[in-house]
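Report on one structure; see the data block that follows.
The values are calculated or read from the model by the stated rules, or taken from the named source; none is laboratory data. Since this is a predicted model, take the numbers as computed values, not measurements. Reconstructed Cβ throughout: ideal geometry from the backbone, glycine too, with neighbour counts over all protein chains shown. Calculation scope for accessible area: heavy atoms of the full protein, side chains included, ligands and nucleic acids excluded. Shrake-Rupley method; radii C 1.70, N 1.55, O 1.52, S 1.80 Å.
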Amino acid sequence: MDSRISARALAAALGGWRTREPAYEALADSIRLLCLDNRLAPRTALPAERELASALRLSRSTVAAAYRSLRETAHIASLRGSGSVTLPLQRRDPGRTVAVEGMIDLQQASPPAWPGLAGVMSQVAAGAAALVSRVGYDVLGSLELREAIAAHYERRGIPTSPAEVLVTTGAQSAIHLVASVLLGRGDRVVVETPTYPHAVDALRRSGARLVGVPVTTDAGWDVDRAEQAFARTLPVMAYLMPDFQNPTGRSMESSERDAFLLAAERAGSMLVLDETTADLDIDRGPAPAGFVGADPAGVVRIGSLGKTVWGGLRVGWIRAEGDLVRRFVAARPAHDLGTPEFEQAVATALFDDFAVIAAQRSALLRAGRDALTTALRSSLPSWRVPHAAGGVSLWIELDAPLSSALVMDVRAKGVLLSAGPRFSVDGGHDRHLRVPFTAPPDEAVRAVRLLAESWERVKAGVPVSLVDQFESIV
């Protein structure tokens, strides 16, 4: 059990649940839908039968029958001394497929390369003689690039020295390295849900047990759930994306940052901040860097040039306290022997033009976002399309929990997407769909037209009672 929900809070979340008879089955179905959508997170203790009956003005026998139905479908378990607790859901992710020519591949939210990149590469290649004179094995990273990264943090208001930076082969490599050094088998890690799926894979490979904290486009992070999770599980680490979170696009308010920092400090947890999307601002405007007042030994920051410049430029980094950087350096040779010299030289040159790159990215992402949002709201008005102030994608709420079925259907039409469950920690999110706005606007509009055709076909193949029931609850 990671947290507890009160009878009053559950009653509010259920809303107009009584849509059919018998009442106990309608109540059970409504709780199932809350679980399916991760609005009721796994390993949450439900109210006692008597308490929920009082809050809903029902007989205790009705609530008891609903809980029994939920146990039979493996949505909850009754534990001695803990009452009834929600269970993780089965993952129903249709998986990734390889794109062929003519398909619209929206499985990865990666913008095309920054237009000036080829020119920078040519300039660096002209000095190749100096590069190949080096040994080529450098597990820490070139001093010039670490100085450039440190200066980038300084401009954000985060005092940093080159000794506090380790250059990696992309952000994913950084996540793997951090997890392998800081985690042991069975260690708890607080993770947002939905979240970046490859980070979940890396954490689980290190043997971690993940504790999900919900985040939504509307309400942001579930701070109450987070505080309970830190206090109850005492996690070794929390992996967070505080700026333009992937996939929701949401950024933490200062109060949310403060709450996570305080909870982590009380639990003795390391905060690992994935800031790979932090520079992808469209119209949020400048925001102060978060977690600056934290103990430097308690915060690790991960960044890369994959989203801002090009996914094919495999340069990332870890920013951490000096002693921790030395631990990463000692462990790194088991993973790789350093970042290629040519890529490091290119990255160093790019930091001189970072303000120009960020402005170009902002314009590109704005055009894609606006085209995609307009097309979705026109063609699929029953979907809830959020406003994304930055990042790379929209986390769209469908009007029925059929994300996986939709992804499979539209795949046959040549549009490749990742279903909501792909971004879950313990299952669920089948009412959501991530749609990147990194593709050219004309491709995005064509993809939406095909999505609308598929959506009609998918809903038509589902029992009407299920769709009607879902729509009556939300």
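Of all the listed residues (E144, E192), the sole one being touching a strand residue (DSSP E or B) at 6+ places or on another chain (Cβ under 6 Å) and among the charged types (D, E, K, R) is E192.
Please work out which residue is farthest from R146 (Cα to Cα), limiting yourself to segment 329-352 and to residues that are assigned to a loop (DSSP other than H, G, I, E, B) and open to solvent by 20 Å² or more (accessible area, probe 1.4 Å). Checking each candidate, the answer is H335. Across segment 120-143, the qualifying residues are those that are touching a residue at least 60 places away in the same chain (Cβ under 8 Å) and of a type in the set (S, T, Y), and the one among them that is nearest to F351 (Cα to Cα) is S142.
If only residues of segment 384-430 that are in a strand (DSSP E or B) and of a type in the set (S, T, N, Q) are counted, the one that is farthest from L210 (Cα to Cα) is S393.
On the given criteria, is T195 open to solvent by less than 10 Å² (accessible area, probe 1.4 Å), in a loop (DSSP other than H, G, I, E, B), on the phi < 0 side of the Ramachandran plot and modelled with pLDDT of 95 or more?
Yes; evaluated as a whole, the condition is true for this residue.
Criterion first (polar (S, T, N, Q), surrounded by fewer than 19 Cβ atoms within 10 Å (Cβ to Cβ) and modelled with pLDDT under 90) does S110 satisfy it? So S110 passes the test.
Against the conditions (1) open to solvent by less than 20 Å² (accessible area, probe 1.4 Å); (2) under 22 Å from F423 (Cβ atoms); (3) in contact with a helix residue (DSSP H, G or I) (Cβ under 7 Å, 6 or more places away or on another chain), S269 satisfies every one except (2).
Checking each residue in segment 12-22 for being in contact with a Leu (Cβ under 8 Å, 6 or more places away or on another chain), open to solvent by 10 Å² or more (accessible area, probe 1.4 Å) and part of a helix (DSSP H, G or I) picks out only A13. Restricting segment 379-417 to residues that are in contact (Cβ under 8 Å) with a residue 12 or more places away in the chain, among the small types (G, A, S) and open to solvent by 20 Å² or more (accessible area, probe 1.4 Å) leaves a set whose member that is nearest to M103 (Cα to Cα) is A405.
A294 meets all of the listed conditions (1) at pLDDT 95 or above; (2) within 21 Å of E321 (Cβ to Cβ); (3) among the hydrophobic types (A, V, I, L, M, F, W, C) but one, namely (1).
Condition first: open to solvent by 20 Å² or more (accessible area, probe 1.4 Å), within 22 Å of Q107 (Cβ to Cβ) and among the aromatic types (F, W, Y). Can you find one or more residues in segment 242-249 that meet it? Checked against the condition, which is being open to solvent by 20 Å² or more (accessible area, probe 1.4 Å), within 22 Å of Q107 (Cβ to Cβ) and among the aromatic types (F, W, Y), segment 242-249 yields no hits at all.
Which one of these is under 30 Å from V191 (Cα atoms) and either surrounded by 17 or more Cβ atoms within 10 Å (Cβ to Cβ) or under 24 Å from the mean Cα position of the chain (by Cα) (or both): A28, A9?
Details: A9 fails: either surrounded by 17 or more Cβ atoms within 10 Å (Cβ to Cβ) or under 24 Å from the mean Cα position of the chain (by Cα) (or both).
None of the others qualify; the one that does is A28.
For residues in segment 53-102 being part of a loop (DSSP other than H, G, I, E, B), at pLDDT below 90 and among the hydrophobic types (A, V, I, L, M, F, W, C), which is nearest to S3 (Cα to Cα)? Applying the filter and picking the extreme gives L87. Applying the condition of being free of Cβ contacts under 8 Å to residues at least 60 places away in the same chain and open to solvent by 50 Å² or more (accessible area, probe 1.4 Å) to segment 144-171 and asking which residue is nearest to G293 (Cα to Cα) yields P159.
Out of the residues in segment 418-427 meeting the condition of being of a type outside the set (V, I, T) and open to solvent by less than 10 Å² (accessible area, probe 1.4 Å), tell me which one is farthest from D105 (Cα to Cα).
As a first pass, look at segment 418-427 and keep what is of a type outside the set (V, I, T): 418-424, 426-427.
Among the residues that remain, those that are also open to solvent by less than 10 Å² (accessible area, probe 1.4 Å) are: 419-421, 423-424, 427.
Details: A419: 13, G420: 16, P421: 18, F423: 17, S424: 21, G427: 24 Å.
Result: G427.
Total residues in segment 58-75 satisfying the condition of being surrounded by fewer than 19 Cβ atoms within 10 Å (Cβ to Cβ) and within 30 Å of the chain's Cα centre (by Cα): the figure is 3. Just wondering, is there one or more residues in segment 445-466 that are open to solvent by 10 Å² or more (accessible area, probe 1.4 Å), under 20 Å from P111 (Cβ atoms), over 18 Å from the mean Cα position of the chain (by Cα) and not basic (K, R)? There is at least one residue in segment 445-466 that is open to solvent by 10 Å² or more (accessible area, probe 1.4 Å), under 20 Å from P111 (Cβ atoms), over 18 Å from the mean Cα position of the chain (by Cα) and not basic (K, R). Here L203 meets the list (1) free of Cβ contacts under 8 Å to residues at least 60 places away in the same chain; (2) surrounded by fewer than 24 Cβ atoms within 10 Å (Cβ to Cβ); (3) of a type in the set (A, V, I, L, M); (4) at negative phi almost entirely, failing just condition (2).
Scanning segment 250-307 for residues that are closer than 28 Å to R232 by Cβ, within 16 Å of the chain's Cα centre (by Cα) and assigned to a loop (DSSP other than H, G, I, E, B) yields R250, S251, M252, E275. Selection over segment 311-327 of residues that are part of a loop (DSSP other than H, G, I, E, B) and surrounded by fewer than 19 Cβ atoms within 10 Å (Cβ to Cβ) gives a count of 3. Test V211 against the stated conditions and say whether it is in contact with a Pro (Cβ under 9 Å, 6 or more places away or on another chain), within 25 Å of P296 (Cα to Cα) and of a type in the set (V, I, T). In short, yes. If only residues of segment 211-220 that are open to solvent by 10 Å² or more (accessible area, probe 1.4 Å) and in contact with a strand residue (DSSP E or B) (Cβ under 7 Å, 6 or more places away or on another chain) are counted, the one that is modelled with the lowest pLDDT is P214.
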